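K.L.:
Below you will find the structure I want to go over with you.
The numbers here are math on the coordinates, done by the rules we state, and not lab data. Here the structure is a predicted model, which means the values were calculated and not measured. In this analysis, Cβ positions are derived from the backbone assuming ideal geometry, glycine residues included, and neighbour counts consider all displayed protein chains.
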């Protein structure tokens, strides 16, 4: 089977690529970065392509892949920018539509827990969505557009809502990488919020493995959560990282306010 992967140079994408290389399938990558960026990976075909360039023949040029794992999305981690629905959303839809019109039969697409909006507690995939930030709105709109597209074209897709992820290669602005950098810099304290908010966290390796496993078993269109299903306070999680790594650093709780774009306590349900 030919598997097309977008977002392979991103935080999650790098780990998904590693998991895909454990399978017997042919891996095709499209990236704006030069092919030399992926030289360390054997048996991977790389096409230099920007999905914002609406090439209607891209499906044939890519060798008619059987399946797409679509991770690419611009503009993060600025969740509140209208760029998500003004620019990213229409470009993403046209890219996917062109592939589907030409014959792509199955897709695995990552959504976000922000699609649920201000709902608290355990969040089921079947819940109605009501996103309250531009990023969540744009992701939810893309899913709805694909559902309408299914009325015209024959394809199946899994829409996988991601919750919170941490691990190697994450953004410098993430709490995980910020903590590591503070330790490396020899800081005596780490500034954070009070950390009482409840979240659903998974290490990126588990997320990548789940993406590949579920992606290769698409039988019908459905919405899923990729999550632990277990709430943990941000403070407890940070304390766990410090303890596991035996780092010598204290927490300066209450330094930052709580984010205003998400509920105080929510986690995923499978």
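K.L.:
Got a number for residues in the range 234-266 being in contact with a helix residue (DSSP H, G or I) (Cβ under 9 Å, 6 or more places away or on another chain) and closer than 18 Å to residue 136 by Cβ?
P.N.:
Qualifying residue count for the region: 4.
K.L.:
Working only within the range 139-197, note down all residues that are assigned to a strand (DSSP E or B) and farther than 20 Å from residue 247 by Cβ. Write out each step before concluding.
P.N.:
Taking the range 139-197 as the starting set, the residues that turn out to be assigned to a strand (DSSP E or B) are 156-162, 164-166, 189-191.
Result: 156, 157, 158, 159, 160, 161, 162, 164, 165.
K.L.:
Is the range 62-73 home to any residue that is under 23 Å from residue 161 (Cα atoms) and over 15 Å from the mean Cα position of the chain (by Cα)? Full working, then the answer.
P.N.:
So in the range 62-73, the residues under 23 Å from residue 161 (Cα atoms) come out as 66-73.
From what's left, over 15 Å from the mean Cα position of the chain (by Cα): 66-67.
Scanning the range 62-73 turns up at least one residue that is under 23 Å from residue 161 (Cα atoms) and over 15 Å from the mean Cα position of the chain (by Cα).
Each row is one residue, and each column tells you yes or no for (1) crowded, with 16+ Cβ neighbours inside 10 Å; (2) within 24 Å of residue 82 (Cα to Cα).
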| position | (1), (2) |
| --- | --- |
| 121 | no, no |
| 131 | yes, yes |
| 142 | yes, yes |
| 163 | yes, yes |
| 190 | yes, no |
| 194 | no, no |
